[in-house]
1. Starting from the Cα of residue 86, step 7 Å along the direction of its Cβ; do the same at residue 11; then give the gap between the two resulting points in nm.
2. Say each of residue 158 and residue 142 gets a label point 7 Å from the Cα, pointing the same way as Cα to Cβ; how far apart are those two points in nm?
3. Residue separation times 0.36 nm, minus the C-alpha to C-alpha distance between residue 69 and residue 124: what's the value?
4. Compute the length gained on full extension between residue 180 and residue 25: take 0.36 nm times their separation in residues and subtract their Cα-Cα distance, giving the result in nm to one decimal.
5. How much FRET efficiency would the formula 1/(1 + (r/R0)^6) give for residue 166 and residue 78, where r is the Cβ-Cβ distance and R0 is 22 Å, rounded to 0.05?
6. Figure the gain on full extension for residue 188 and residue 98 (residue separation times 0.36 nm, minus the Cα-Cα span) and round it to one decimal in nm.
């Protein structure tokens, strides 16, 4: 009888050990699959102009350097000039809660570079520890950040973006209100536009 109890105990131990092992394998698979998906959401950075917490930065690969006011002004003017061409596409940006028109975005791929700008009017200033961030998303839900909106005292928020390579497949423009938490994923979307 004691051999039967011991064999029964071993069977339960084996079952519990096997179940735990299967759960561990399943959790590992889900973690690494999710990690791989998140890594593919960001296109490779090259020659980007980004608006970050530390100000406007120029990026080449993994290297970033803060831009001077003169460099920033010159690049903004370059982006504006290219986007005023007849080739540039534009879309309206609406507030999601009530559908009110808030601004506009423009983009064009020209001479190997992707140019983008957007503005929103009548933005409320975010609370301390928050900022507005612009994103582009494609039809299969891959997305990347364009950086922070610069907000003037008038409540007009603007962003300018320039990168080598074509990002025209990213047609959806999203503006989120992000907490200063270092999380690279999107927070709740407040404003939305879509290029045809």
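Here, each number is a calculation from the coordinates, and none is a lab measurement. Everything quoted here is computed from the prediction, not taken from an experiment. Note that each Cβ is placed from the backbone with ideal geometry, even for glycine, and that neighbours are counted across all protein chains shown.
1. 8.3 nm
2. 3.1 nm
3. Result for the pair: 17.3 nm of gain on full extension.
4. That works out to 52.4 nm of additional length.
5. Efficiency at R0 = 22 Å is approximately 0.80.
6. Working: separation 90, 0.36 × 90 = 32.40 nm, distance 1.51 nm.
Full extension from residue 188 to residue 98 adds 30.9 nm.
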